[in-house]
1. Would you pick out the residues in region D:123-175 that are within 24 Å of D:Leu279 (Cβ to Cβ), out of contact with any Phe, Trp or Tyr (no Cβ under 7 Å at 6 or more places or on another chain) and without any contact (Cβ under 8 Å) to a residue 60 or more places away in the chain?
2. So if I check each of C:Ile192, C:Ile227, which one is more than 16 Å from ligand 3 (Cβ to nearest atom), outside any helix (DSSP H, G or I) and among the aliphatic types (A, V, I, L, M)?
3. Filter region D:266-292 down to residues that are more than 16 Å from D:Leu32 (Cα to Cα) and either touching a Lys or Arg at 6+ places or on another chain (Cβ under 9 Å) or more than 7 Å from every other protein chain (Cβ to nearest Cβ) (or both), then give me how many there are.
4. Taking region B:89-102, which residues are surrounded by fewer than 19 Cβ atoms within 10 Å (Cβ to Cβ) and either outside any helix (DSSP H, G or I) or away from chain D (no Cβ under 14 Å) (or both)?
5. If I filter region A:163-173 for residues that are within 27 Å of D:Leu32 (Cα to Cα), more than 16 Å from ligand 4 (Cβ to nearest atom), at the interface with another protein chain (Cβ under 9 Å from one of its Cβ atoms) and without any contact (Cβ under 8 Å) to a residue 12 or more places away in the chain, do I get at least one hit?
6. Here are some conditions: (1) within 16 Å of ligand 4 (Cβ to nearest atom); (2) aliphatic (A, V, I, L, M); (3) crowded, with 20+ Cβ neighbours inside 10 Å. C:Ala409 meets all but one. Which one does it not meet?
7. What's the number of the condition C:Tyr75 fails, among (1) among the hydroxyl-bearing types (Ser, Thr, Tyr); (2) within 16 Å of ligand 2 (Cβ to nearest atom); (3) more than 10 Å from every other protein chain (Cβ to nearest Cβ); (4) touching a residue at least 40 places away in the same chain (Cβ under 8 Å)?
8. With within 14 Å of chain A (Cβ to nearest Cβ) and either surrounded by 24 or more Cβ atoms within 10 Å (Cβ to Cβ) or in a helix (DSSP H, G or I) (or both) as the only criterion, which of B:Leu213, B:Leu267 stands out?
Amino acid sequence: DTSDKRIALSNNYAGNSWRQAMLQSWAKVGDKAVEDGIVAAADAFTTSENQATEQAAQIQNLILQGYDAIVLNAASPTALNGAVKEACDAGIVVVSFDGIVTEPCAWRIAVDFKEMGRQQVEYLASRLPDGGNLLEIRGLAGVFVDDEIHAGIEQGVEEFPQFEIVGSVHGDWAQDVAQKAVAGILPSLPEIDGVVTQGGDGYGAAQAIKAAGRDTPIIVMGNRQDEMKWWAEARDASGYETLSLSIAPGVGTLAFWVAQQVLDGAEVPKDLTVPFLTVTQDTLDETLASTPEGSVANVEYSLEDAKAVIADAK
Amino acid sequence: MNNNFRILLPILSLAVLLGAVFYLQPRAMSYFGLNLLFNLAVPIALATIAQMMIMMVNDIDLSIGTFVSFVACVTATYLNDTPLLGAAILAAAILAYAGLGALIHVRQLPAIVVTLGMSFVWGGLAVLLLPSPGGAAPGWIRTLMTVKPPFVPMAVVACVIIAGATHLLIMRSATGTLLRAVGGNMQAVARSGWSVTRLKAGAYGLAGLFGVLSGMCLVGLTTSADANIALRYTLLSIAGVILGGGEFVGGRVSPVGAVIGALTLALAGSFLSFMRLSPDWQIGAQGAILILVLAVRLVFSRRGRKWREAKNG
Amino acid sequence: MQLATGTGDPDPDVPLVALSDARVHFGAVRALDGVSLTVRPGECVGLVGHNGAGKSTAVNVINGGLTPTAGSVQYTMSDGSTGTGAQMARAAGIRSVFQELSLCPNLTVLENLRIPHRDLSGPGWRKRAARRISRTLDRIFPGHRIEPGMTVGDLTLAERQMVEIAAGFAEGKNSARLVILDEPTSSLDASIARQLLDQVRRFCAEGGAVIFISHMLGEVFDVATRIDVMKDGKIIASRPAGEFTQQGLIDAMGHVASEKTEALVAVQKAESFGEEVLRTPEGLSARRGEIVGLAGLAGHGQAETLARFFMSRSGGYGQIKEPEVAFVAGDRTRDGIMPLWSILRNLTLTHLPGLTRRTLVDRDEERALADDWKAKIGIRTGNMDNPILSLSGGNQQKVLFARALASSAPIVVMDDPMRGVDVGTKQEAYDRIRREAAAGRTFLWYSTETEEVCRCDRVFVFRTGRISAELSGDAINEENILAASFEMQEAAE
Amino acid sequence: MDNTVVTTITSLPKRPWFWAFAASALAFIATLSLTEGGGGGELLAAALTFASFSAIVGIGQMFVITLGPGNVDLSIPSTMTLAGTLSLKFMHGAAGLVLPGLGIALAVGLGAGIFNYLLIRLLRIPPIIATLSASFLYQSLAIWSNRGLRVKPPQILADFTTGSVAGVPNLTILGILLAVISWIVLERSIFGRWISAFGQNTRAARLSGVPVEAVRAITYVSSAVFASLTGYLLASFSGGAALNMGTEYLLISIAVVVIGGCSIAGGNSNVPGIWGGALLMFLIVSMLNSYGLGAGVRLIMTGTIIIAIVAAASGKDRSA
Ligand SMILES: Nc1ncnc2c1ncn2[C@@H]1O[C@H](COP(=O)(O)OP(=O)(O)OP(=O)(O)O)[C@@H](O)[C@H]1O
Ligand SMILES: Nc1ncnc2c1ncn2[C@@H]1O[C@H](COP(=O)(O)OP(=O)(O)OP(=O)(O)O)[C@@H](O)[C@H]1O
Ligand SMILES: [Mg+2]
Ligand SMILES: [Mg+2]
């Protein structure tokens, strides 16, 4: 019974649609759970800037406030280990997701970001058997997710040597930054056949390529509604085909249930994985219909989903 | 007189905030609680002192955040794996800071631009060192940061030591006086035959030194580093110096105030999370609390001004 | 108490410093054009000359701060050896008190001593510094109210000047043998100035030497054993003080000081003034066309009263074409100068709204105005586009004067505006003020010089922030002013 | 005649903005040398487009920085975000609402500017901290109002922001127009003199009759209005407002001002340099990206180039 347990969400960034969708999913699922008397509290805490130091301080404050579990989307996989250890020492259950932590005492709900990168190239290989030139749009330098996806893409290029990455820019996971960076590098690039991204930058890339008057290559998308809408329009107009994949913001709710299960005494392995959310030509219309305008494709998890994931991992 | 008055305001802001935190969360009023409240303020306090050294000579450092990140990366990699090489790199970084100070003075460059440029450089070096977060804190630093002295938690002890040592160095010593004089009236210092270049290099060197200490402390607390770990410190440190009663020009700084300013900033964050606001407003509340803390000062600085006016007629 | 005058008995025949044919050029300006000068122990050299004559430049060459383009400077140490360069100058016991104050406002009095006194370091230096400065202050300015622990920024201008003078005379590792005072009395009131003059005489009598620069010729005659007159970068006369008469000196400086001035000073009849145009909460009042003086010891609230009045009559939020008041600053660097601007822009600042056509500044008209005032008030510069900082102190002050007078404001507030202005220019300024007043302008004039205050139509004497006396007509004289300024102190003593 | 041409040319390197333009040209050439000159037009168009955003916020920031030490507007990014978010949400893609939308954006700027000023004036908070604190509030407002949902701009507005006249991007025309106006204001108008006087010596300015409070208020308000206009344009240009859309303009706005040769001690400003700095910030990144350098090296080179430019441009005498 966890009806007297209090769970906190520690979030390090709120400045994009993905994080906003995550916070909303959390609020929706958490509030319901509180209403149903499953837990006593499911509070969300967020810091302004994507900074490990601030988040570490936040975790320390959550410890002081006596939460029973902390669900964590970490700014850094390692830099929070000190604070996480302190939480564990204080008897608090720590469950990390999306941005996971390496501290052994915490649970991890990981997404295989590397595989996400690799699959993009694999998909392109299926579309362009002869290979071609790729443009890579990376995220924020020095951040774990960026490095992982990049490594996956490199692995994919090794696997499919007919592809060559002819240009690489950092889009900082922001539409306008990506657009600017792509516009700056395009003039010096040869014909581009495919664009591999980290999510959310596809629309910006498409805009920049259009502005430069080039043909639109296959741009791998990242589940943003505006991207999918653009894709659907291009498909209707000229039969454009591509793939979209990203982690669902609702993973936070999975972490919530996992934390609840751990508090409930269930035996949960420390490492869990969730699949990322893939949108294909076939599921495009359906996903687009279920995604609010301007948001991100999402799935929320239920207690049953969580139990299934846990069972799978055993 | 005036100097004492200047330091009263920061102390008061801190006390009020601490009172509010204790009220909201009585559990914080313990050895354990104080340590949790303040231990991450220690590297901020050191970075604030570093910024203060620069502001003391009428410059401003926009690179301290990336510099601390860079130091953190070096500490978690070289200093841990090959301590000698690591120490040499850190020493070189301090020298680089001193060199920048000299360059800025000799070529009459605007410090804000040079340090803005350096913020890219340090950031780049940090990314090269640690493209992805990682590394590990050297054991001795970790031990030092987690040591549990009797009665008073390490965080508080460290802050008192930092404040005391820098107060002696900057406010009491003959050399510190000269450094502040550079901010007050550089021409006068030069006329008396002092090498302002050397003094500025000294101030920057001290900033580098405290930046290094900040980075090392930070890694000691977080156990590992990443290239973006301390970007916020640039703005935090400026805010800390100002909260502590320092000014942008004129060499008017206070090391004790700076440390208190840093603690206030750290505490403001905690205060907010104890308030349990809706996530929409949590970010805005950080701004609101900064405004509030400074508004408290207003009441007192009004009184201070009247007092001074009365005195000067 | 024994004064620090160097070790051993000074040989009066060996010059402390010898300048021979020193030249300094700033671009086309020949600030020093072949100056030869020696100073011997026991001598007090009075250095006089018009604004921009090169006095401050000469000081900077003598103390080693400026290396002459040609010629040489030689110092003799107390042990008889000689040398050149700034370091040698310090070792030889050459100390300077600069025209532009060179204290650090953020430091305390004792901390400021640390800068020129390089030997103050190591444990206990604060105690030593405090002792050194307060002992010297007590000796030179008995009755001063300065504590070594006070922050300089909180001191009044006069107090700051006193601290700086004391630092110049204070004992130290290389004790003072030649003290250069560049317009030290310009912000001191009469009584403190007298204390300083006494100190200079005492110091020289004990074998020290002083170079004393001032535009107040009375003071120079008072202390100088020899007077050197500078004009356009040259020393044009150098004779024992007794051989000059005041008029002879003025003639030598090259200014036509008009005899007529005395006549112009004649006080107007009270009836001839217009209606009352101002009355402040402190009780200060003035009528149209009146010149109202504020007197009293320095730092007794005169400047603050003026500033408060000015603020109350001019807004922070709006400016109209016809401002009500204009201000002439005395503390140039703090209250007047825009250091990055040209002379021209500095001069026209207050009158800008009058030069503006549809929000754009009419630059031809601006230039015409500036050239007009350059001629009227005699600003010594080749080009009004030169930076303001290239002007000598007195000429900067003239620009500030012109700034206020060029505006159409009916009331002009002057905060000790003649600070560092030479005799000839002063005379012209007095005339101008008189003429403007006759044309209906009202002046509020705070001055540290009693002689200037006596030129006013009405005088308010200040003591501890309050008006202690209002004098008019024949009652305006030095005696009454002094009596009103001192009353309480005397009662207390 | 010849003589004046020669002196103009030889005095060019003394102009603070010269080096920013020279470095931009070098970066441009270096990028094109990769393709043996191909794509020059494209690169130029992209540079002009994206530099417009930096230039417009930079002009606002310059007004503020000219006020003297301690004056920096750190709320530019969040003002941009808030203005973009609110105006796009209001227009909701309707072509008829383009102008009212612009009105909303500018009103946001006006409000933010006034709020910043009031914090500085009434609460006497140092400007750096006042604008920093205010920026958190604006960011929260933006989150609260639309939760980061990207609303598409009206098509006509999107077309305008991405379009061009005779090969010159519309945004560039707008940016240059604003720069020219600002230049006239700073160089020729009484207000420009007042800002400059404020920056050199506020106390003396006040005593010379300069309405210093009005100057400061207008300065902060114009900075915020420039930011809000940029937010509106940028959101329309990139297909919707995002919560993080202003982030990178914090550093950029300061960088273009200082690279452009504005004396940071206040009292001296330089409008052409803003455009030089804006072009340079875009072209450096493009050049380094084109050469395939990693993020680390790229950052280091960017920093080094910035320092090199100020070092080259710093004739000791920079007075106006
Ligand atoms: N600034 C950031 N710092 C760290 N991680 C981030 C940041 N932005 C996004 N992420 C991470 O990147 C992954 C995908 O989110 P993404 O950035 O693609 O959304 P988004 O691009 O911000 O959405 P939108 O652009 O529509 O606002 C998630 O793991 C998220 O946590
Ligand atoms: N740094 C400088 N650059 C250019 N010209 C200068 C500079 N310093 C002084 N001058 C010029 O040199 C001349 C002599 O100046 P100086 O300051 O020595 O005059 P002064 O006799 O002290 O005048 P005052 O009585 O007004 O103080 C003046 O014409 C002045 O304009
Ligand atoms: Mg994004
Ligand atoms: Mg002089």
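The values are calculated or read from the model by the stated rules, or taken from the named source; none is laboratory data. The model shown is predicted, which means the values in this text are computed figures rather than measured ones. Positions of Cβ are generated from backbone atoms using ideal geometry, with glycine treated the same way; all protein chains shown enter the neighbour counts.
1. Result: D:Gly163, D:Val165, D:Ala166, D:Ile173.
2. Numbers: C:Ile192 fails: outside any helix (DSSP H, G or I).
Going through C:Ile192, C:Ile227 in turn, the sole match is C:Ile227.
3. Initially, region D:266-292 is screened for residues more than 16 Å from D:Leu32 (Cα to Cα), giving D:266-278, D:281.
Now restrict to residues that are either touching a Lys or Arg at 6+ places or on another chain (Cβ under 9 Å) or more than 7 Å from every other protein chain (Cβ to nearest Cβ) (or both): D:266, D:268-278, D:281.
Residues in region D:266-292 being more than 16 Å from D:Leu32 (Cα to Cα) and either touching a Lys or Arg at 6+ places or on another chain (Cβ under 9 Å) or more than 7 Å from every other protein chain (Cβ to nearest Cβ) (or both): 13 in total.
4. As a first pass, look at region B:89-102 and keep what is surrounded by fewer than 19 Cβ atoms within 10 Å (Cβ to Cβ): B:91-92, B:95-96, B:99.
Within region B:89-102, B:Ala91, B:Ala92, B:Leu95 meet the criteria.
5. No.
6. Only one criterion is unmet by C:Ala409, namely (1).
7. (2)
8. B:Leu267
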